[in-house]
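A.B. asks: Dropping a structure here in structure tokens format, bear with me for questions.
The values are calculated or read from the model by the stated rules, or taken from the named source; none is laboratory data. Computed from a predicted model, the values in this text were never measured in an experiment. Neighbour counts are summed over all protein chains in view; Cβ atoms, including those assigned to glycine, are modelled from backbone coordinates with ideal geometry.
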Amino acid sequence: MPAHYNVLFLCTGNSARSILAEGILNHKGGGVFTAYSAGSHPSGAVRPEALRQLELAHISIAGLRSKSWDEFAGADAPKMDFVFTVCDNAAKEVCPFWPGQPVTAHWGVADPAAVKGTQEEIARAFRDAFSILDRRISLFLALPLGALDQLAIKREMDRIGRS
């Protein structure tokens with residue numbers, strides 16, 4: 001495995017969960033990981049509640065934007081080592097071909113952007129999504145990736161997605 005890893009988080013709208021994951025991994029990845037996010041049908045805007053969660057955790061929101069997964073499927077795109085879907089809709093869709101056969105896994109997280117209710121209920125949904133992704137990314141970062149083979153990594157990614 002390489003000394004640097006590119007990770008793509010996919011969701012449908014690329015407005016909340018995948019954006020949170022991109023921010024968290026870029027913050028915690030220590031230069032070993034570069035995270036990206038994209039959506040199959042991007043909303044075109046990042047939810048302010050997602051940005052607020054990142055800011056509360058002192059994570060930079062610079063450069064975060066809603067974008068299509070087509071940006072990462074072309075020949076000039078960065079080669080992905082890992083591709084994670086973070087919502088059920090994206091897991092059920094046919095993903096584009098990712099050159100280099102990256103390790104893929106599904107890390108389903110309830111959609112905080114779909115929550116209707118009071119401001120506090122909506123804020124709680126975004127906090128919960130942030131906490132789940134933060135925990136899973138911390139587990140992912142604890143893996144000895146350089147010592148694991150592709151099949152073992154795939155099994156661990158699936159296990160983390162169920163946690």
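A.B. asks: Inspect segment 8-16 for any residue being farther than 19 Å from Arg124 by Cβ and aliphatic (A, V, I, L, M) and give the result as yes or no.
C.D. replies: The initial filter retains those residues of segment 8-16 that are farther than 19 Å from Arg124 by Cβ, namely 8-14.
Still in the running and aliphatic (A, V, I, L, M): 8, 10.
Looking for residues that are farther than 19 Å from Arg124 by Cβ and aliphatic (A, V, I, L, M), one finds at least one in segment 8-16, hence yes.
A.B. asks: If you don't mind, another one. When segment 67-86 is examined, which residues are found to be surrounded by fewer than 20 Cβ atoms within 10 Å (Cβ to Cβ) and polar (S, T, N, Q)?
C.D. replies: Ser68
A.B. asks: Would you be able to say whether some residue in segment 136-149 is more than 20 Å from Arg162 (Cα to Cα), at pLDDT below 80 and not in a helix (DSSP H, G or I)?
C.D. replies: Yes: one or more hits.
A.B. asks: A further question on this structure: Can you say whether Gln101 is surrounded by fewer than 13 Cβ atoms within 10 Å (Cβ to Cβ), more than 16 Å from the chain's Cα centre (by Cα) and modelled with pLDDT of 90 or more, as far as the supplied structure shows?
C.D. replies: Taking the combined requirement at face value, the residue does not satisfy it.
A.B. asks: Can you say whether Leu10 is closer than 29 Å to Gly117 by Cα and not in a loop (DSSP other than H, G, I, E, B), as far as the supplied structure shows?
C.D. replies: Against the criterion (closer than 29 Å to Gly117 by Cα and not in a loop (DSSP other than H, G, I, E, B)), Leu10 qualifies.
A.B. asks: Out of Ala90, Ala123, Ala129, Ala152, I need the residue that is under 20 Å from Ser18 (Cβ atoms) and modelled with pLDDT under 75. Which one?
C.D. replies: Details: Ala123 fails: modelled with pLDDT under 75; Ala129 fails: modelled with pLDDT under 75; Ala152 fails: under 20 Å from Ser18 (Cβ atoms).
Sole residue among the options that is under 20 Å from Ser18 (Cβ atoms) and modelled with pLDDT under 75: Ala90.
A.B. asks: Which of the following residues is modelled with pLDDT of 95 or more, closer than 17 Å to Ala125 by Cβ and surrounded by 14 or more Cβ atoms within 10 Å (Cβ to Cβ): Leu25, Leu20?
C.D. replies: Among Leu25, Leu20, only Leu20 is modelled with pLDDT of 95 or more, closer than 17 Å to Ala125 by Cβ and surrounded by 14 or more Cβ atoms within 10 Å (Cβ to Cβ).
A.B. asks: OK, next. If the requirement is being in contact with a Cys (Cβ under 6 Å, 6 or more places away or on another chain) and either outside any loop (DSSP other than H, G, I, E, B) or not aliphatic (A, V, I, L, M) (or both), which of these qualifies: Ser60, Ser43, Ser18?
C.D. replies: Numbers: Ser60 fails: in contact with a Cys (Cβ under 6 Å, 6 or more places away or on another chain); Ser43 fails: in contact with a Cys (Cβ under 6 Å, 6 or more places away or on another chain).
That would be Ser18, the only listed residue that is in contact with a Cys (Cβ under 6 Å, 6 or more places away or on another chain) and either outside any loop (DSSP other than H, G, I, E, B) or not aliphatic (A, V, I, L, M) (or both).
A.B. asks: Separate question: Residue by residue through segment 1-13, note down the ones that are in contact with a Phe, Trp or Tyr (Cβ under 8 Å, 6 or more places away or on another chain) and either touching a residue at least 40 places away in the same chain (Cβ under 8 Å) or farther than 18 Å from Ala77 by Cα (or both).
C.D. replies: Residues of segment 1-13 in contact with a Phe, Trp or Tyr (Cβ under 8 Å, 6 or more places away or on another chain): 4-10.
Across segment 1-13, the qualifying residues are Tyr5, Asn6, Val7, Leu8, Phe9, Leu10.
A.B. asks: Only one of these conditions is not met by Leu51: (1) touching a residue at least 40 places away in the same chain (Cβ under 8 Å); (2) assigned to a helix (DSSP H, G or I). Which number is it?
C.D. replies: All conditions are met except number (1).
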